[in-house]
Amino acid sequence: MAGRPLDVEIFVRQNGELRPYGELTEEEKRTLSESLNKRAIRAAAGLRGYDVEFLDFTQEQKKEKKQG
């Protein structure tokens, strides 16, 4: 059921201060996106009884994994 588009403003609380999402740097947006995605995955997996662990590979480890 399609309706009219939802118009929202997104703010991020950072160090006790509210900042508009559009004012974040690309790096801050990427970090926030990763955090929210991990939180969503953890919540969905938890509902199914799974425990999720995220491993943080360095660039060198990523290269070795692709090669090996």
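The values are calculated or read from the model by the stated rules, or taken from the named source; none is laboratory data. Worth saying up front: this structure is predicted, and the values here are computed from it rather than measured. Neighbour counts run over all protein chains shown; Cβ positions are idealised from the backbone, glycine included. Quick note on the areas: whole protein, heavy atoms, side chains included, nothing else; ligands and nucleic acids left out. Shrake-Rupley method; radii C 1.70, N 1.55, O 1.52, S 1.80 Å.
The set of residues in segment 14-40 being open to solvent by 100 Å² or more (accessible area, probe 1.4 Å) and charged (D, E, K, R) consists of Glu17, Glu23, Glu26, Glu27, Arg30, Arg39. Just a yes or no: is a residue in segment 13-32 within 17 Å of the chain's Cα centre (by Cα) and of a type in the set (Phe, Trp, Tyr)? Yes; the residues of segment 13-32 include at least one that is within 17 Å of the chain's Cα centre (by Cα) and of a type in the set (Phe, Trp, Tyr).
Yes/no matrix, rows are residues, columns are (1) touching a residue at least 12 places away in the same chain (Cβ under 8 Å); (2) among the hydrophobic types (A, V, I, L, M, F, W, C); (3) out of contact with any Pro (no Cβ under 9 Å at 6 or more places or on another chain); (4) surrounded by 10 or more Cβ atoms within 10 Å (Cβ to Cβ):
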site	(1), (2), (3), (4)
Arg4	no, no, yes, no
Val12	yes, yes, no, yes
Arg42	no, no, yes, yes
Ala45	no, yes, yes, yes
Glu64	no, no, yes, yes
